[in-house]
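Asks: Sending over a structure as structure tokens; questions will come in a sec.
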Amino acid sequence: MKHSVIFNIILFISFSHSLIAGDTLTIVDKRVNFGYAVSQNRKADAVIVHSTFNNSGGDFYDIDLVLKQFSTYKVSAHYVIGRDGIVYRVVDEQNVSYHAGKSSLPDGRTDVNSCSIGIEIMTSYKESPTEKQVIALIALINSIKKRHTINYVLRHSDIAPVRKTDPWNMDWKAFQQKLAESK
Ligand SMILES: [Zn+2]
């Protein structure tokens, strides 16, 4: 017990620091074995932002329950961001995660999964992303931009407007401004 308290304090301090510094991320590995195709040397130039929650009973925001739900539908995302801003790595960036479904980019490309990185923010239909999630999302996207030439940062609803409404309850304009200012 004492050990876990100390561990949590250390985690909290390092996490707080990462939020203040804005240059590091708390990434926890939660890799899955479904919902993606193995790939090498693919070029990802789009980041697609989604939202998700566990809609199958129990805690809305339990990462394991969210991933269990993904497994049912054989979908995934590269990253899932918890309410506390912790980033779960679910699929490696070089692999093709099945997150976008039938959708199209502004330049007309329709195989969006093959050229994008998918990020899920845990929110429900009624709740907005937390401040910590927005900060983590910005840090994560800036970190992705160091590894890939990103031309688009879009919402799922931007690329599949008829089918999708996520990310829910998110002030997208404010987010875009914060992202631009963070560079
Ligand atoms: Zn989505």
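Asks: Could we say that Leu154 is under 18 Å from Ala77 (Cβ atoms) and either free of Cβ contacts under 8 Å to residues at least 12 places away in the same chain or in contact with a Leu (Cβ under 7 Å, 6 or more places away or on another chain) (or both) here?
Replies: For Leu154, the condition - under 18 Å from Ala77 (Cβ atoms) and either free of Cβ contacts under 8 Å to residues at least 12 places away in the same chain or in contact with a Leu (Cβ under 7 Å, 6 or more places away or on another chain) (or both) - is not met.
Asks: Could you please find all residues in the stretch 77-95 being more than 16 Å from the ligand (Cβ to nearest atom) and over 24 Å from Ser128 (Cα atoms)?
Replies: Hits for the stretch 77-95 are Asp92, Glu93, Gln94, Asn95.
Asks: Residues of the stretch 156-176 being within 16 Å of the ligand (Cβ to nearest atom) and either in a helix (DSSP H, G or I) or touching a helix residue (DSSP H, G or I) at 6+ places or on another chain (Cβ under 6 Å) (or both), which ones?
Replies: His156, Ser157, Asp158, Ile159, Lys164, Thr165, Asp166, Trp172, Phe175
Asks: Which residues, counting only those in the stretch 129-147, are of a type outside the set (A, V, I, L, M, F, W, C) and within 16 Å of the ligand (Cβ to nearest atom)?
Replies: Pro129, Gln133
Asks: Another one. In this structure, is Ser128 small (Gly, Ala, Ser) and exposed (fewer than 15 other Cβ atoms within 10 Å of the Cβ)?
Replies: Here the answer is no, as Ser128 does not meet what is asked.
Asks: For Lys74, state whether it is of a type in the set (Lys, Arg), within 16 Å of the ligand (Cβ to nearest atom) and at pLDDT 95 or above.
Replies: Considered against the rule, which asks whether it is of a type in the set (Lys, Arg), within 16 Å of the ligand (Cβ to nearest atom) and at pLDDT 95 or above, Lys74 comes out as yes.
Asks: Being in contact (Cβ under 8 Å) with a residue 60 or more places away in the chain, touching a Phe, Trp or Tyr at 6+ places or on another chain (Cβ under 7 Å) and not aromatic (Phe, Trp, Tyr) is the filter here; which residues of the stretch 86-112 pass it?
Replies: Across the stretch 86-112, the qualifying residues are Val87, Arg89, Val90, Val91, Val96, Ser97.
Asks: Continuing with this model, one more query. So which pairs qualify, if the first residue must be in the stretch 38-64 and of a type in the set (Ser, Thr, Tyr), the second must be away from the ligand (no atom under 16 Å from the Cβ) and part of a loop (DSSP other than H, G, I, E, B), the Cβ gap must be under 7 Å, and the two must be at least 6 apart or on different chains?
Replies: Ser39/Gln94; Ser39/Asn95; Tyr61/Gly82; Tyr61/Arg83
Asks: With surrounded by 15 or more Cβ atoms within 10 Å (Cβ to Cβ) and not charged (D, E, K, R) as the only criterion, which of Pro106, Pro167 stands out?
Replies: Pro167
Asks: Which numbered condition trips up Phe53, out of (1) farther than 17 Å from Arg31 by Cβ; (2) buried (at least 17 other Cβ atoms within 10 Å of the Cβ); (3) touching a Leu at 6+ places or on another chain (Cβ under 7 Å); (4) not acidic (Asp, Glu)?
Replies: That leaves (3) as the condition not met.
Quick grid of which residues meet (1) more than 24 Å from Thr24 (Cα to Cα); (2) modelled with pLDDT under 95; (3) away from the ligand (no atom under 16 Å from the Cβ); (4) among the aromatic types (Phe, Trp, Tyr):
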{"site": "Tyr98", "(1), (2), (3), (4)": "yes, no, no, yes"}
{"site": "Lys102", "(1), (2), (3), (4)": "yes, no, no, no"}
{"site": "Val112", "(1), (2), (3), (4)": "yes, no, no, no"}
{"site": "Glu120", "(1), (2), (3), (4)": "no, no, no, no"}
{"site": "Ala180", "(1), (2), (3), (4)": "no, no, yes, no"}
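The values are calculated or read from the model by the stated rules, or taken from the named source; none is laboratory data. Here the structure is a predicted model, which is why all the values come from computation and not from measurement. Glycine also receives a Cβ, built like all others from the backbone with ideal geometry; neighbour counts cover every protein chain displayed.
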